[in-house]
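Engineer: Attaching a single structure in structure tokens format; questions to follow.
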Amino acid sequence: MASSSQKVEKPVSPEPQPEPGPGRELQSWRCLVFYLCFYGFMAQMRPGESFVTPYLLGPAKNFTKEQVTNEITPVLSYSYLAVLVPTFLLTDYLRYKPVLLLQGLSYISVWLLLLFGHSVLHMQFMEFFYSLTMAARIAYSSYIFSLVRPAQYQRMAGYSRSAVLLGVFTSSVLGQLLVTVGKVSFTTLNYISLAFLTFSLILAMFLKRPKRSLFFNRSEPAHGEASPSELDKMHPGPGQPTGRKLRGTLLAGWRDWVLVRMLRELRASLRLPQLRLWCLWWVFNSAGYYLIVFYVHILWNVVDPTKDTTKVYNGGVDAASTLLGAITSFAAGFVKIQWALWAKLIIGGVTAVQAGLIFLMYSTSSIWLCYVAFVLFRGFYQFLVPIAIFQIASSLSKELCALVFGINTFLATVLKTIITLIVSDKRGLGLQVHYQFLVYFGYFVVLSVAYFLGAVLGTLWHFLGSHHQPLPLGQELRSPSEEKATQVLSPQDGALSNLQPEATTLAPEDSAWAAAPVLRDQCEAKA
């Protein structure tokens, strides 16, 4: 017995466990990418979204055009302004996943209110929850980069952007087919959307929660070494001397706080003309763009107030505009222009064309011309978005990218809210949607004139030789192959950075969704 006990208790050296090799790591990365992209695709499956306005104006809800235009829709701008900054901070502090869950719950709340709400107040709450989903779109575009290595950022940006755009396109096409071919009612379409959103919420529950984020949960230093921020690398300072007075210590601590230092660096960066130009474009043009997007479905119902739901083609138009936006965004990567010299002229020309398209939507009585004008309007905007992202990011450090695009988005939201309060809200002018588009036409005309004047003055200033300086820092937008080569030759890998945004941010929803992954890619490419 004793000998057998000794045999049992005899220590056995454990067999060495095989370390995960490149094959296993690659397989794990592929599974992660597939799941994240599948979630991003499913989160866009809302086939009833393109038909919300005719649903509200139809017999199912029977709201008037004035209620939808002047009481319900303006709440979206107000609530988005209120929740944008808190959601941005909570996204980073809570490390993304809780905000993704909040987005899923908010989407479900939107469609529950659409299906079972009957009063204007219910629909205003619906707009509030929808604003939460818009603000939370930053979580997905930031989350995907917190789980992969910097070397994989570019590929991940392409995969995630493709998944989101494919989801938006598929959702719009599916909704149109169900309405036109399947003769499905708008109410049934909303039930289908609710089922898709419930499934996407279940998918979000199984997402891995990252251990790091940009501001509040930064990466731990490796091997016990310090991990200075980007600003520390650009502005190294002497060590903190001992024996200072408390007041001096607090003042120095406040001045060295990362956000304050970033704001000081941003103030210095704003001296670059290209950075100022594209930031102004982002603020003013994106504000006008989203005003058109928010109210164009109401305009379509006014132009063609058909009672036959099978002849409502909102889903097809949204699908076509999404596809054209993706094509023009991709094509912008291959445009080689000296943007520092021609940017104002090109922006002015694009803005003038957009103004003409808005006037066409205002003046035409043909719903098909209205559809085509809107598709082209979105396509022109999406063409300039990646150019603006690159031009801004190329002038900044990585850590300033998120701050600049956050400030731009916030200022655009403030401007959009002010215009909404004056033009759309019943407490302001309370204009009908047709006259609102006339105001938006004037808004884009003023912007185009300002850009053209800036281009003329800039050209005169340049050729008169008032300042013999090199062109401001504003790189040409390079093709993806050139960008990849630049990254390979870069002396250092980029640390984890973040938008947005959405951003950026990408949209749509197109802008918030589209901007965020591209911005992140450009910020890392600059490293």
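The values are calculated or read from the model by the stated rules, or taken from the named source; none is laboratory data. Quantities reported herein were computed from a predicted structural model and do not represent experimental measurements. For neighbour counting, all protein chains shown are included, and Cβ atoms are generated from backbone atoms with ideal geometry for every residue, glycine included. Keep in mind that these areas ignore ligands, DNA and RNA; they rest on the heavy atoms of the full protein, side chains included. Shrake-Rupley method; radii C 1.70, N 1.55, O 1.52, S 1.80 Å.
Engineer: Under the condition of being at pLDDT below 85 and outside any helix (DSSP H, G or I), which residue from the stretch 328-369 is farthest from P386 (Cα to Cα)?
Structural biologist: Q338
Engineer: Go through the stretch 93-140 and report how many residues are of a type in the set (F, W, Y), farther than 24 Å from S185 by Cβ and open to solvent by 50 Å² or more (accessible area, probe 1.4 Å).
Structural biologist: Kept after step one, since they are of a type in the set (F, W, Y), are these residues of the stretch 93-140: 93, 96, 107, 111, 116, 125, 128-130, 140.
Cutting the leftovers down to farther than 24 Å from S185 by Cβ gives us 93, 96, 128, 140.
Subsequent filtering for residues that are open to solvent by 50 Å² or more (accessible area, probe 1.4 Å) retains 93, 128.
Qualifying residue count, the stretch 93-140: 2.
Engineer: Consider only pairs whose beta carbons are under 8 Å apart and that are at least six residues apart or on different chains; among these, list those whose first residue lies in the stretch 447-463 and is in a helix (DSSP H, G or I) and whose second residue is surrounded by 14 or more Cβ atoms within 10 Å (Cβ to Cβ) and hydroxyl-bearing (S, T, Y).
Structural biologist: Within 8 Å, the pairs are L447/T351; S448/T351; Y451/T351.
Engineer: Which one is surrounded by the fewest Cβ atoms within 10 Å (Cβ to Cβ), of the residues in the stretch 162-195 that are part of a helix (DSSP H, G or I) and small (G, A, S)?
Structural biologist: Within the stretch 162-195, the first condition is being part of a helix (DSSP H, G or I), and the residues that meet it are 162-180, 186-195.
Keeping just the survivors that are small (G, A, S) gives 162-163, 167, 171-172, 175, 193, 195.
On the way: S162: 15, A163: 24, G167: 24, S171: 26, S172: 25, G175: 27, S193: 26, A195: 12.
Once the filter is applied, the top-ranked residue is A195.
Engineer: What are the residue pairs meeting all of these: first residue in the stretch 175-189, first residue under 17 Å from L115 (Cα atoms), second residue basic (K, R), Cβ atoms under 9 Å, and 6 or more apart or on different chains?
Structural biologist: Partner pairs satisfying both residue conditions: G175/R46.
Engineer: Which condition number does V258 fail, the rest of (1) crowded, with 20+ Cβ neighbours inside 10 Å; (2) of a type in the set (A, V, I, L, M); (3) at pLDDT below 80 being met?
Structural biologist: Only one criterion in (1) crowded, with 20+ Cβ neighbours inside 10 Å; (2) of a type in the set (A, V, I, L, M); (3) at pLDDT below 80 is unmet by V258, namely (1).
Engineer: Can I ask one more? I'm trying to understand the selection: among the residues of the stretch 287-316, which are open to solvent by 10 Å² or more (accessible area, probe 1.4 Å) and part of a helix (DSSP H, G or I)?
Structural biologist: Y290, V293, F294, H297, N301, V302, V303, T309, T310, K311, G316
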